[in-house]
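The values are calculated or read from the model by the stated rules, or taken from the named source; none is laboratory data. Quick caveat, the model's predicted, so the values are computed rather than measured. Virtual Cβ from ideal backbone geometry, glycine too; neighbours counted across all protein chains shown.
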Amino acid sequence: AQSVAQPEDQVNVAEGNPLTVKCTYSVSGNPYLFWYVQYPNRGLQFLLKYITGDNLVKGSYGFEAEFNKSQTSFHLKKPSALVSDSALYFCAVRDGSYNFNKFYFGSGTKLNVKP
Amino acid sequence: DAGVTQSPTHLIKTRGQQVTLRCSPKSGHDTVSWYQQALGQGPQFIFQYYEEEERQRGNFPDRFSGHQFPNYSSELNVNALLLGDSALYLCASSSGPRNTEAFFGQGTRLTVV
């Protein structure tokens, strides 16, 4: 069975400080991992993905994520947060063993960046 | 280049009614997936359409059905609406059912009263 856990409902960080949004996953096959961001009344915007290769993945808007197979984690990070980063962040996993896109999403983490 | 477009943006229906939501995929995409996002939760996979056929389905009852047209656009139909069907319905498109580059629309907010 596939699942994603985002243990924090909300993360608060001051502008300019580094941020981390946590994600752990469970998948029976090869994990394909994704981060999406959602602004109010909007759909999901793709940030980055891990399919294979380097464990550190760089994405849009200065975000990056580190794949850790032993800890089954894929935490989202940014060295210096901006107020405009405030949004809802979703981690998702897809089982790469299957030939179709069926994403399993976490429950989301609300990121608040304060000036 | 238009991205994924969904219509309508908002909809209010009465319990027991039927509703149809529409999705036009991003130009060049031929695969459409539908997700339900209840308030405070992450999106849940409903089903995926490719080559005008339902290819995969999540844990949703038969009241949820869909269709894909030759131009790759898609409809999501929900019959006998329940209060619990109130949610944001998201459409995602990709070039092929395995392509991990999935683009999401802005969603349709369905409220059942």
Being in contact with a strand residue (DSSP E or B) (Cβ under 7 Å, 6 or more places away or on another chain) and away from chain A (no Cβ under 14 Å) is the filter; apply it to the stretch B:19-37 and report the residue that is surrounded by the fewest Cβ atoms within 10 Å (Cβ to Cβ). B:T20
Please go through the stretch A:9-43 and pick out each residue that is under 12 Å from the mean Cα position of the chain (by Cα) and surrounded by fewer than 18 Cβ atoms within 10 Å (Cβ to Cβ). A:T20, A:K22
Of the conditions (1) away from chain B (no Cβ under 11 Å); (2) closer than 21 Å to B:Q37 by Cβ; (3) in contact (Cβ under 8 Å) with a residue 60 or more places away in the chain; (4) not aromatic (F, W, Y), A:A87 clears all except one; give me its number. (3)
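Quickly run through the stretch B:68-78 and pick out the residues that are surrounded by 14 or more Cβ atoms within 10 Å (Cβ to Cβ) and either on the phi < 0 side of the Ramachandran plot or at pLDDT below 95 (or both).
Within the stretch B:68-78, B:Q68, B:S73, B:S74, B:E75, B:L76, B:V78 qualify.
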Candidates A:F63, A:F46 - the one that is within 11 Å of chain B (Cβ to nearest Cβ) and either surrounded by 13 or more Cβ atoms within 10 Å (Cβ to Cβ) or among the basic types (K, R) (or both): A:F46
Within the stretch A:49-60, count every residue that is surrounded by fewer than 18 Cβ atoms within 10 Å (Cβ to Cβ) and either in contact (Cβ under 8 Å) with a residue 60 or more places away in the chain or of a type in the set (A, V, I, L, M) (or both). 2
Exactly one condition in (1) over 15 Å from B:E101 (Cα atoms); (2) free of Cβ contacts under 8 Å to residues at least 40 places away in the same chain; (3) of a type outside the set (V, I, T); (4) part of a loop (DSSP other than H, G, I, E, B) is false for A:N101; which is it? (1)
Going residue by residue through the stretch B:74-83, is there one that turns out to be within 14 Å of chain A (Cβ to nearest Cβ) and closer than 21 Å to B:G42 by Cα? no
Taking the stretch A:66-115 and keeping residues in contact with a strand residue (DSSP E or B) (Cβ under 7 Å, 6 or more places away or on another chain), aromatic (F, W, Y) and surrounded by fewer than 20 Cβ atoms within 10 Å (Cβ to Cβ) leaves A:F100
For the stretch B:47-57, name all the residues that are more than 10 Å from chain A (Cβ to nearest Cβ) and crowded, with 18+ Cβ neighbours inside 10 Å. B:Y49
It is to be established whether one or more residues within the stretch A:86-95 are out of contact with any Leu (no Cβ under 7 Å at 6 or more places or on another chain) and of a type in the set (S, T, N, Q). no
Out of A:L33, A:L111, A:L76, sole residue that is under 21 Å from B:F104 (Cβ atoms), among the hydrophobic types (A, V, I, L, M, F, W, C) and within 14 Å of chain B (Cβ to nearest Cβ): A:L33
